[in-house]
Amino acid sequence: MVSEGSSFVKGMSMGGLFCLVVSLLSGLSPSPKTSTEEHHHHHHVKAPSKDELKELSNAHIQELSKQVQVYCVVMVQPKLIVYWAAALDTWSKHCDKSVFYTSEESKALEAVDLNEKDEWARLRKALKHAYENAGDLRWFFLAQPTTFAIIENLKYLVLTKDPSEPFYLGNVMKSGELEYVDYESGIVLSYEALKRLVHVFQDEEKCPERGNALWKMDDDKQLAECLKYTGVFAENGEDTHGKGLFNSKSVHTLISDSMKANPNNVLEGCCSDMAVTFTGMSPGQMQVMMFGVYRLRPYGHDFHDVLAFYPPEGSNND
Amino acid sequence: MTRRMRPNLSYLTFTSGMMVGFQLLRFLLDLNVSQEQVTYFERGVERNVRQEAERQQHHQTANHTTRILCWIMTGPKNLESRTKYIKDTWANRCNKVLYISSVKTDFPTVGLNVSEGRENLYWKTIRAFQYIHQHHLEEADWFLKADDDTFVIVENLRHTLYKYDTEKPLYFGRRFAPFINQGYMSGGAGYVLSKEALRRFVKGFSSGKCTHVSNIEDMALGLCMETMKVEPVDSRDIKGRQTFHAYPPEMHLVRQFQRPRPWYLTYEYYTPFEGPDCCSDFAVSFHYISAVQLYVLDYLTYHLRPYGYKYRFNPDKENRSQLIKTT
């Protein structure tokens, strides 16, 4: 009896020790699922807190708001025409400059036709074009028209970050050892990151233009590989509470998931108040988002934000 | 030592000990992460409670209060699938909320002596208003009826009502034109009776001037309102945009190609708009809202916002600048 008991205890302590060792070695977080928790030993970029902002002078804030201008790079194709039209009529109006790059010309809508069939090569050309036409703009937002973005919240996230430092932000995912920013959730690049990227595009060894015909990596993973060579690593964009700001799902899906996972705290357990992107929303839902985000509000709720962003000219759905 | 006699059992206990130890540690590590989540939720709840208190102060300005009693038309079959979510989203923003059903429960629901079913909707409405008149008349200034698939932004309802006198016979909602001369308010979009309107409705039935003329609850109530000389109010905002909506936001907001007015807009008393002018920034209600959509609308209205954005529609600022011009 005693020997069985003692062997049980010995077993238990071995098991516990084994679990600890495994955890430490693999950074295992045995709980679900949010990308912020899985990346506790990865880089995060958090939005500035109220206290951080209070410490800045008005003059400094003015300077920062001028600096934080966004060039949106939207990669479109005629087969996604309804999303293309939706992006044009909704969120992209809030970019300081938005340029649509297409795979081929469309009779219905205008865009920069890069005359390039290969997706990866086209993306490189678009990024190079954006870099060359940046003017004074120092932040770049790369998206597809199936993404919905709130550019003001992107600006808030990077407000106190220096664009002459390399930043590569978004919804960070992992593929084997590689950490990359998910394309569908939107990719943010600072001027310096884009500069290094455009430079490494010239290196056919590190960052080949046509890739390997046999083994084609997804564009977002390719991007991460190339940036790694320049010393730029993916960082997860989060709010002050650590909630991810870039979402690979729609509002509807995220809330539906939260209703199952956190039935007593559906919204608290879900999405950030300062979310930047959502993915997988229909054009109709994007129009609802414009209303819901930029117009619909309860009378009497006022916020004292340190920045002011004004509605775009010639628009009526925001 | 009994090792030589029972080697298998000893091996078995060791192995099960290992498994238990492993799972125990795993569970403990798990717990650490959950703690963070709990702290976050608590902070969030505190923040909301504080904000709520600040907001409540806002509409006690004028000489009167704008207390709203909301009653939700529901039934036993819907409590788990719909009404639960009404309760978890907007209902507690009302000054008082009653869930009206045929059966009394701990939800809590009020059980009226009426059966369930479409044919009994107007009976339920009549009995509900009689019940409220009898038990809750002094607890509120305005009386809202909503369905268990209506989403209501109570602050915006208060904002719509606060400049009116509840002692006048008034009735608000999404005004439909057919069947009744002065029109009637859509049931699904939610409608509001002033205190005097409620008194007249109840008096209409006690005097026999109003009767159960139809099962179509909103239209029948509209007829009683007309009979009792209760005035339907134009609840559109200063830009002519509607506040109460009988359909979900997407149906109103998404402009379609030029075509004859769709069937669901042919009932409209005021010329309807599709596209952004359909709906006021201070919208009061939407209808046919699923459980998930209730949370989505709650999130869009009260949580998700564009940092620093200066809203295009600023009616208060406009009014103030008009004042400056005239003086």
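Read the figures in this text as sums done on the coordinates, not as results from a lab. Here the structure is a predicted model, which is why all the values come from computation and not from measurement. Cβ atoms come from the backbone with ideal geometry, glycine included; neighbour counts cover every protein chain shown.
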Peptide-level mean, for A:285-293, of C-beta atoms on other protein chains within 10 Å: 6
If I take the Cα coordinates of the protein assembly as shown and project them onto the principal axes, what are the three extents in Å, biggest first? 90, 80, 49
In terms of Cα to Cα distance under 21 Å, which lysines are near enough to A:LYS54, apart from those fewer than 8 places away along the same chain? A:LYS46, A:LYS66, A:LYS155, A:LYS161, B:LYS310
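Expressed in whole Å with the largest first, what are the equivalent ellipsoid semi-axes of the range B:106-170 derived from the C-alpha gyration tensor as the square root of 5 times each eigenvalue?
Working: eigenvalues 117, 47, 30 Å².
Over the Cα atoms of the range B:106-170, the ellipsoid semi-axes are 24, 15, 12 Å.
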Using only the Cα atoms, what convex hull volume per residue in Å³ does the range A:197-299 have? 179
About its Cα centre, how strong a charge dipole does chain A have in debye, to the nearest 20, once Lys and Arg get +1 and Asp and Glu get -1 at the Cβ? 340
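Mind running the shape call on the range A:250-318? Use the C-alpha gyration tensor, a ≥ b ≥ c as the square roots of the eigenvalues: rounded below 1.5 for a/c, prolate if a/b tops b/c, oblate otherwise.
Values: a/c = 2.37, a/b = 1.44, b/c = 1.65.
Oblate.
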In Å, descending, principal axis extents of the Cα set of the range B:205-289: 49, 26, 24
Just from its helices, what would the mean residue ellipticity at 222 nm be for chain A, if runs of 4 or more DSSP H residues each count -39500 (n - 2.57) and the sum is divided by every residue, rounded to the nearest 500 deg cm²/dmol? -11500 deg cm²/dmol
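Let me confirm one metric for peptide A:262-274, namely the mean number of other chain beta-carbon atoms within 10 Å of its residues' beta-carbons. List each step's numbers first, then the result.
Values: counts 2, 2, 2, 8, 9, 11, 10, 4, 3, 3, 2, 7, 5.
Counting other chains' Cβ atoms within 10 Å and averaging over A:262-274 gives 5.
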Mean projected area (nm²) from the convex hull of Cα positions in the range B:130-206 is 5.9
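At a Förster distance of 25 Å, what's the computed FRET efficiency of B:TYR11 paired with A:LEU17, Cβ-Cβ distance as r, to 0.05? Kindly include the intermediate steps, with their values, before the conclusion.
Numbers: r = 19 Å, r/R0 = 0.75.
FRET efficiency, B:TYR11 to A:LEU17: 0.85.
Within a 10 angstrom radius of the beta carbon, how do B:PHE201, A:PHE246, A:PHE8 rank from fewest other beta carbons to most?
Details: B:PHE201 26, A:PHE246 29, A:PHE8 20.
Least to most surrounded, the residues fall as A:PHE8, B:PHE201, A:PHE246.
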Paramagnetic reach from A:HIS301 in the range A:262-292 [backbone N under 18 Å; point 7 Å along Cα→Cβ]: A:265-276, A:288-292
State the volume of the convex hull built on the alpha-carbon positions of the range B:272-321, expressed per residue in Å³ and rounded to an integer. 122
What whole-number volume per residue, in cubic angstrom, does the convex hull of the C-alpha atoms of the range B:148-265 give? 127
Average beta-carbon neighbours from other chains, 10 Å sphere, peptide B:286-297: 4
Given all pairs of different Cα atoms, what value in angstroms does the Kirkwood hydrodynamic radius of the range B:64-205 take? 15.3
Isolated Cys in chain A, by beta carbon distance under 4.7 Å: A:CYS19
Value of D in µm² per second that Stokes-Einstein yields for the range A:43-238, Kirkwood Rh from Cα pairs, at 25 °C (0.890 mPa s): 142
